[in-house]
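This report refers to the structure that appears directly beneath it.
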Amino acid sequence: MKFLIAILGLLVVFGLAYIASNGKKNIRYRPLAVMIVLQVILAYALLNTGVGTWLIGGFATVFKSLLDYANEGIAFVFGDLTTVGAETVGTPFFLSVLMPIVVISALIGILQYIRILPFVIKYIGLVLSKINGMGKLESYNAVASAILGQSEVFISVKKQIGLLPKHRLYTLCASAMSTVSMSIVGAYMSMIDPKYVVTALVLNLFGGFIIASIVNPYKVTEEEDILEVQEEEKQSFFEMLGEYILDGFKVAIVVAAMLIGFVALIALVNGIFSAVLGISFQELLGYVFAPFAFIMGVPWKEAIQAGSIMATKMVSNEFVAMLDLTKQTTLSARTTGIVSVFLVSFANFSSIGIIAGAVKGLHEKQGNVVARFGLKLLYGASLVSVLSAIITGLFL
């Protein structure tokens, strides 16, 4: 039965992508088929094989160690808050989940400084460009987005931003919204099962190309297929380290502020809807998103509950939704896994502003272009998340 639902889900996702396509006659189906097969193989390998379990275990162990090291610095600065809180109501979310972002950001800076990350990003991107049938720039951007983040990635290709036509700019922005930054992967892993975080990271990378190839199909000529990565301004090691540490702290503060605002506002709106209609806003959205949860493989009896969490992610962000998911005690393991994969991406309304702002900071005209197709970005990135969840559901 789950295979029939998965086929239905794929047909719905591809149908919705096809409806929104701006060049239906230009869709190239061979790269699409190859990438879908790769998604299925990779999902099976990660979720149902010993090698996959070993790889995910190793990945999770690395991040757990990083979080443990981060706690040394957090405990030094915040002292008893990290211990007394744990004995009473639990370590504050800001300290246990968000503050480690500072340390992981610093590590990314070090790997950038010693030229390991640029090498990895560039050559993985080149390999991907042979598979997805797109340009080197698009492939580089997808890998870089998954490591550097949805706003920082544009800085590395700022030389080309102003030269890109609208269709190529869409693909770059769609990749940025479909992935997540490596600096906050540790935070996700402290909230949901690491195997679903890793699975989503891998599937979203290919899913972004699959959906973009349908929604926004085009072919890059040899003359256009140029990749110019902006070299970072030369800094001393400690200048760089201080900059990345502060950047990580800014991310943590921004996420904390967003959580305070969104959690409070959602509680307020839920209260108003409950008082007026007798049903909360999140429950209402759950009915809207329930069909999508069902085609992802969620049993219908849990679809409304799962749909509510999915909607929360889209109207607020993935952290708020993950917090909601951790509070659920009645969802089956299968549903929890499928929804977890759906949540691991930046596909939400606030990301439209973040990406448009990042591009506008580098090139005002192109930033305005991005803002105009912002809703289409969210539409495509959301389909990527649904596609990854459907593939995951085949193996749970």
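The values are calculated or read from the model by the stated rules, or taken from the named source; none is laboratory data. Since the model is a prediction, treat every value here as computed from it, not as a measurement. Methodologically, a virtual Cβ is constructed for each residue, glycine included, from the backbone with ideal geometry; neighbour enumeration extends over all protein chains shown. For the accessible areas, the whole protein counts, side chains as well, though only heavy atoms, and no ligand, DNA or RNA atoms are used. Shrake-Rupley method; radii C 1.70, N 1.55, O 1.52, S 1.80 Å.
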Have a look at Val157, Val153 and point out the one that is in contact (Cβ under 8 Å) with a residue 40 or more places away in the chain and either surrounded by 19 or more Cβ atoms within 10 Å (Cβ to Cβ) or touching a strand residue (DSSP E or B) at 6+ places or on another chain (Cβ under 8 Å) (or both).
Val157
Failed condition for Val103, given (1) open to solvent by 20 Å² or more (accessible area, probe 1.4 Å); (2) part of a helix (DSSP H, G or I); (3) over 28 Å from Ala252 (Cα atoms); (4) not small (Gly, Ala, Ser)
(3)
Hey, among the residues in the stretch 364-374 that are touching a residue at least 40 places away in the same chain (Cβ under 8 Å) and open to solvent by less than 60 Å² (accessible area, probe 1.4 Å), which one's farthest from Ile155 (Cα to Cα)?
Phe373
Out of Ile352, Ile309, report the one residue that is within 18 Å of the chain's Cα centre (by Cα) and either among the polar types (S, T, N, Q) or surrounded by 23 or more Cβ atoms within 10 Å (Cβ to Cβ) (or both).
Ile309
Selection count where residues are under 23 Å from Gly23 (Cα atoms) and open to solvent by less than 10 Å² (accessible area, probe 1.4 Å), scope the stretch 129-150:
7
For the stretch 266-278, name all the residues that are more than 12 Å from Asn317 (Cβ to Cβ) and either part of a helix (DSSP H, G or I) or among the aromatic types (Phe, Trp, Tyr) (or both).
Ala267, Leu268, Val269, Asn270, Gly271, Ile272, Phe273, Ser274, Ala275, Val276, Leu277
If a residue has to be in contact (Cβ under 8 Å) with a residue 40 or more places away in the chain and either surrounded by fewer than 17 Cβ atoms within 10 Å (Cβ to Cβ) or among the aliphatic types (A, V, I, L, M) (or both) to count, how many in the stretch 29-52 make the cut?
13
Does Phe346 fit the bill of being assigned to a helix (DSSP H, G or I), of a type in the set (Phe, Trp, Tyr), within 20 Å of Ser388 (Cα to Cα) and open to solvent by less than 40 Å² (accessible area, probe 1.4 Å)?
no
Are there any pairs with C-beta distances below 6 angstrom linking a residue in the stretch 322-338 that is under 15 Å from Glu302 (Cα atoms) and part of a loop (DSSP other than H, G, I, E, B) to a residue that is open to solvent by less than 50 Å² (accessible area, probe 1.4 Å) and not aliphatic (A, V, I, L, M), with the two at least 6 apart or on different chains, and if so which?
Leu331/Glu302
Scan the stretch 195-202 and tell me whether some residue there is open to solvent by 20 Å² or more (accessible area, probe 1.4 Å) and modelled with pLDDT under 80.
no
Of (1) closer than 21 Å to Leu387 by Cα; (2) out of contact with any Gly (no Cβ under 7 Å at 6 or more places or on another chain); (3) in a helix (DSSP H, G or I), Asn22 fails just (3)
Step by step: first the residues of the stretch 254-282, then only those that are modelled with pLDDT of 85 or more and of a type in the set (Val, Ile, Thr), then the one that is nearest to Ala321 (Cα to Cα). Which residue is that?
Val269
Scan the stretch 160-179 for residues that are touching a residue at least 24 places away in the same chain (Cβ under 8 Å) and surrounded by fewer than 24 Cβ atoms within 10 Å (Cβ to Cβ) and report the count.
9
Those residues of the stretch 280-306 which are free of Cβ contacts under 8 Å to residues at least 24 places away in the same chain and open to solvent by 60 Å² or more (accessible area, probe 1.4 Å), in sequence order:
Leu284, Tyr287, Val288, Pro291, Trp300, Lys301
Going by what's in this entry, would Leu126 be described as in a helix (DSSP H, G or I) and more than 19 Å from the chain's Cα centre (by Cα)?
yes
Could you name every one of the helices (runs of 4 or more DSSP H) located completely within the stretch 134-192 that has at least 2 residues being modelled with pLDDT of 80 or more, under 14 Å from the mean Cα position of the chain (by Cα) and under 24 Å from Lys376 (Cβ atoms)?
136-148, 166-178
